[in-house]
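Each remark here refers to the structure printed beneath this line.
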Amino acid sequence: MSANPGIPSSGTPEVNEPTTPVPPLPRKPDQATAEPYSPTGCPMHISPDVNAQQGEYLTTAQGGRLRDTDHSLKAGERGPLLMQDHHFREKITHFDHERIPERVVHARGAAAHGVFKANGAASSICRAGVFAEGKETPVFTRFSTVLGNRGSADTVRDTRGFAVKFYTDEGTWDLVGNNIPVFFIQDGIKFPDVIHAAKPHPDRDIPQAQSAHDTFWDFVTLHTEATHHTIWNMSDRGIPRSYRMMEGFGVNTFRMINDKGETSLVKFHWKPKLGVHSQVWEEAQITGGVDPDFHRRDLADAIESGAFPEWDLGLQVFPDNKEQMFEGIDLLDPTKIVPEELAPVQIVGTMTLNKNVSNFHEETEQVAFHPGHLPPGIDVTADPLLQGRLFSYLDTQISRLGGPNFAQLPINRPHAPVNDMFREGMHQQGQHIGVAPYQPNSLDGGNPFPAEPSNGALIDVPVPVEGEITRSAPASFDDHYSQARLFYVSLSPIEQKHVADAYTFELGKCYEKAIKERAVHVLSNVDHDLASTVAKGLGVPAPEKKDLPEPTPSPALSQVGKTWPIDGRQIGILVTDDLPEDQVADVASLSKAIEDAGMVPLVTSTSGGTIGEPEEATGVAVSRTYVTVRSIEFDAAVVVETPEQPEVSILLSEMIRHGKAVALVGDATAQVPDRMGDAPGVVTVNAAADALDVLTPMLKGHRTWAANPA
């Protein structure tokens, strides 16, 4: 593993400007790009680099070599520019058109390449080849926030997108989900309403990437089907520690078909191998200020370091009955979950992300997902939110990516033969042949022919439909509170405290008292103590106690009380430039032990460079300085020796307050802020070499929650 990821280039720069022409440098070892397929899905047995810039010399877009790109063509050295300066016009015109419209939602994102390997467990219920035992399928995964623009912070309180593009042999499959298993609305027609309410106020365009404002809370307290999603958002799930430590959910219910034509209903789950972890609220706010790119940096650094993130793909499987219900839960209601204790998640394969993108715009920004992109063996249901998504996701690409041919962009190209009879349009990249792009035809020999299921055709399950045309929902959709209560009572006490704190903070940012009182009334249908706590914090009347059902808690909904792998965790080692030589050797040994354990040591000192003698084997490279580091980067810390700088006191007090493990070496206790040396999670060891054994059990639990976290 690399102890210091973040290398900007595959080459090492010199101090002086280069003067000898060289060809374009290769990609970094951790990077990949879209595999070379033609716009019509034909594998191209060439290097992906054929599409990269070519040659040693600067050229125009037409390949003409240029002598100078620093000065415009002028009439005299002090004269006006000349219209004949083609290079100036071409360069500036292209620059003026470099941006494309950002996504209306999920604009802020990060992505990576990887592979999905099936274990065969889904083969009995789904005929899709992607689930055949041992089958490996290339994937491209994009994580995102929902509300903020492209320039917003990663660690805001928000739902996260979790979208995976499977490049299957049978056509592209897009599994487009979130890190929360339910949604604010039950019907796609309400999507503009919830997003308009959650986006910044239209007069001032603030606040950015936040739900802590009047219009959001006005909507969700009146449109109470949003209650379940809202309480998930107010929980620790709304501020994940890392994309690598985040669950994913398909949200909607889908239908699977096996080789016998039998059908099942399913819900998709992504289970991170590292467990599900979050930041605490103060930590998220600090992160948004000092490193707004925290999540995308964390993902890229982990992959560059060789700590490849992994998720198991799981299914909850239900009978495909006429009612489309399971244990009294409507499977077509996207505001409801089925507790895992009632329908266990069956693991059907594992996704590993092992390559970073080479170009953010060409891959992360131009990738286009659509829940209607399905392989044979997976079909949609009549979930009214899913039905709306089937239109909206396709429609939005046409304006964002400049026309209907977005599937021909390299990152979107299928890895299966394409013969769609679509022609022309903006940015057409295919080179079609023949004269008859219509069906039926004889001039092209009848090509392309319709396929049968035996030839791998997509399957539209003949589901019976009955009833009158209406704008209404079934009575089962009327329950807006029972599952929000189930979620809340399933949380640990510290998680419940965080929920109450989040509601109090968010509603405290609202101006209108009526909205605050209405929110407390809504919460009184979820939990009386929660509503009373929030009411007290807001200074509004406490609600009357109601008789509420007592659901059986679902332990799967809590993030606390388990242990998880520690791969990729970052441990700060705090030292000074003048550390004694024997302790330098101890730090070197500790750093190696941390790397051998699959984690990342971040040696932090007063100055950059190295501690000890660089030419000696014991010299240790410094990863951070106290001026550039903040506690958010560390999952744990080992305090060897620190200078008397305020940054050190701030760093350690934040870590302890946020429930992170801290090991003090020898007499380093004196360097800990007053009254924090005895806090849970703070331990003393005799030597640096002893620290890892003590920290590891605490890291497996993510945090020491008894340390009075914020």
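The values are calculated or read from the model by the stated rules, or taken from the named source; none is laboratory data. Bear in mind the structure is a predicted one, so any value in this text is a computation, not a measurement. Cβ placement follows ideal geometry from the backbone for every residue including glycine, while neighbour counts extend to all protein chains displayed.
Of ARG389, ARG413, which residue is under 23 Å from PHE191 (Cα atoms) and touching a Gly at 6+ places or on another chain (Cβ under 7 Å)? Before the answer, list the steps.
Working: ARG413 fails: under 23 Å from PHE191 (Cα atoms).
Answer to the check: ARG389.
Please go through segment 221-231 and give me each residue that is within 24 Å of the chain's Cα centre (by Cα) and either of a type outside the set (S, T, N, Q) or farther than 12 Å from HIS480 by Cα (or both), ordered by number.
At the first step, the residues of segment 221-231 found to be within 24 Å of the chain's Cα centre (by Cα) are 226-231.
The answer is ALA226, HIS228, HIS229, ILE231.
Restrict the check to segment 435-455 and report whether at least one residue is of a type in the set (Val, Ile, Thr), over 30 Å from MET325 (Cβ atoms), more than 37 Å from the chain's Cα centre (by Cα) and outside the structural domain of GLY372 (by TED's automatic domain parsing).
So far as segment 435-455 goes, yes, one or more of its residues are of a type in the set (Val, Ile, Thr), over 30 Å from MET325 (Cβ atoms), more than 37 Å from the chain's Cα centre (by Cα) and outside the structural domain of GLY372 (by TED's automatic domain parsing).
Output the residue which, of all residues in segment 132-169 that are closer than 26 Å to ARG413 by Cβ and basic (Lys, Arg), is surrounded by the fewest Cβ atoms within 10 Å (Cβ to Cβ). Don't jump to the end; show me each part of the working.
Quick first cut of segment 132-169, residues closer than 26 Å to ARG413 by Cβ only: 132, 134-144, 150, 161-169.
Retained after the next criterion (residues that are basic (Lys, Arg)): 135, 142, 150, 165.
Values: LYS135: 18, ARG142: 23, ARG150: 11, LYS165: 25.
The qualifying residue surrounded by the fewest Cβ atoms within 10 Å (Cβ to Cβ) is ARG150.
What are the residue pairs meeting all of these: first residue in segment 319-330, first residue farther than 13 Å from THR381 by Cβ, second residue modelled with pLDDT of 95 or more and basic (Lys, Arg), Cβ atoms under 8 Å, and 6 or more apart or on different chains?
ILE329/LYS336
What is the number of the single condition among (1) among the β-branched types (Val, Ile, Thr); (2) under 30 Å from TRP311 (Cβ atoms); (3) part of a loop (DSSP other than H, G, I, E, B) that ILE46 does not meet?
Result: ILE46 passes all but (2).
Any idea which residue in segment 12-39 is surrounded by the most Cβ atoms within 10 Å (Cβ to Cβ), counting only those that are among the aliphatic types (A, V, I, L, M) and out of contact with any strand residue (DSSP E or B) (no Cβ under 6 Å at 6 or more places or on another chain)?
Ranking the candidates gives ALA34 first.
Only residues that are at pLDDT 95 or above and either touching a Lys or Arg at 6+ places or on another chain (Cβ under 8 Å) or charged (D, E, K, R) (or both): list them for segment 566-589, please.
Across segment 566-589, the qualifying residue is only GLY572.
Residue pairs, Cβ under 7 Å, 6 or more apart or interchain, first in segment 475-497 and aromatic (Phe, Trp, Tyr), second part of a loop (DSSP other than H, G, I, E, B). List them.
PHE477/GLN186; PHE477/ASP333; TYR481/ASN525; TYR481/VAL526; TYR488/VAL526; TYR488/ASP527
Tally up the residues in segment 688-707 that are surrounded by fewer than 15 Cβ atoms within 10 Å (Cβ to Cβ) and either among the polar types (S, T, N, Q) or at pLDDT 90 or above (or both), please. Spell out the reasoning first.
Initial filter on segment 688-707 (surrounded by fewer than 15 Cβ atoms within 10 Å (Cβ to Cβ)): 693, 697, 700, 706.
Next, from what is left, pick out any that are either among the polar types (S, T, N, Q) or at pLDDT 90 or above (or both): 693, 697, 700.
Selection size over segment 688-707: 3.
Looking at ASP298, ASP312, ASP291, which is the one that is closer than 21 Å to ASN178 by Cα, in contact (Cβ under 8 Å) with a residue 12 or more places away in the chain and more than 15 Å from the chain's Cα centre (by Cα)?
Result of the check over ASP298, ASP312, ASP291: ASP312.
Being over 23 Å from GLN346 (Cα atoms) and either part of a loop (DSSP other than H, G, I, E, B) or in contact (Cβ under 8 Å) with a residue 60 or more places away in the chain (or both) is the requirement here; does VAL104 meet it?
It is true that VAL104 is over 23 Å from GLN346 (Cα atoms) and either part of a loop (DSSP other than H, G, I, E, B) or in contact (Cβ under 8 Å) with a residue 60 or more places away in the chain (or both).
Out of segment 500-538, which residues are crowded, with 18+ Cβ neighbours inside 10 Å, without any contact (Cβ under 8 Å) to a residue 40 or more places away in the chain and within 13 Å of ARG485 (Cα to Cα)?
Answer for segment 500-538, where residues must be crowded, with 18+ Cβ neighbours inside 10 Å, without any contact (Cβ under 8 Å) to a residue 40 or more places away in the chain and within 13 Å of ARG485 (Cα to Cα): LEU523, SER524, ALA531.
Residues that are within 30 Å of ILE92 (Cβ to Cβ), part of a strand (DSSP E or B) and touching a Ser or Thr at 6+ places or on another chain (Cβ under 7 Å): does segment 22-34 have at least one?
Within segment 22-34, one or more residues are within 30 Å of ILE92 (Cβ to Cβ), part of a strand (DSSP E or B) and touching a Ser or Thr at 6+ places or on another chain (Cβ under 7 Å).
Which of the helices (runs of 4 or more DSSP H) found entirely inside segment 213-295 contain at least 2 residues meeting this: surrounded by fewer than 23 Cβ atoms within 10 Å (Cβ to Cβ) and hydrophobic (A, V, I, L, M, F, W, C)?
Working: elements: 214-222, 227-234, 281-290.
The qualifying helices (runs of 4 or more DSSP H) are 214-222, 281-290.
Residue by residue, here is whether (1) more than 28 Å from HIS370 (Cβ to Cβ); (2) surrounded by 15 or more Cβ atoms within 10 Å (Cβ to Cβ) holds:
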site	(1), (2)
ALA61	yes, no
GLY64	yes, no
ALA75	yes, no
ASP85	yes, yes
ILE100	no, no
ALA112	no, yes
ASN119	no, yes
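Which numbered condition trips up PRO453, out of (1) modelled with pLDDT of 90 or more; (2) under 30 Å from ASP259 (Cα atoms); (3) surrounded by 11 or more Cβ atoms within 10 Å (Cβ to Cβ)?
(1)
Just to confirm my filter: which helices (runs of 4 or more DSSP H) fall fully inside segment 488-554 and include at least 1 residues that are at pLDDT 95 or above and within 28 Å of ARG657 (Cα to Cα)?
Ranges flagged: 493-508, 528-538.
Starting from segment 32-54, keep only residues that are within 14 Å of ILE411 (Cα to Cα) and at pLDDT 90 or above, then list their pairs with residues that are basic (Lys, Arg) and not in a loop (DSSP other than H, G, I, E, B) whose Cβ atoms are within a distance under 7 Å, requiring at least 6 positions of separation or different chains.
Listed pairs, sorted by first residue: ALA32/LYS355.
Going by the conditions given, is THR335 part of a loop (DSSP other than H, G, I, E, B) and of a type in the set (Ser, Thr, Tyr)?
When the stated conditions are applied, THR335 passes them.
Conditions (1) in contact with a helix residue (DSSP H, G or I) (Cβ under 8 Å, 6 or more places away or on another chain); (2) crowded, with 21+ Cβ neighbours inside 10 Å; (3) in a strand (DSSP E or B), marked per residue:
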site	(1), (2), (3)
THR350	no, no, yes
ASN354	yes, no, yes
ASN359	no, no, no
GLU363	yes, yes, no
VAL367	yes, yes, no
HIS370	yes, yes, no
ALA382	no, no, no
GLN387	yes, no, no
SER392	yes, no, no
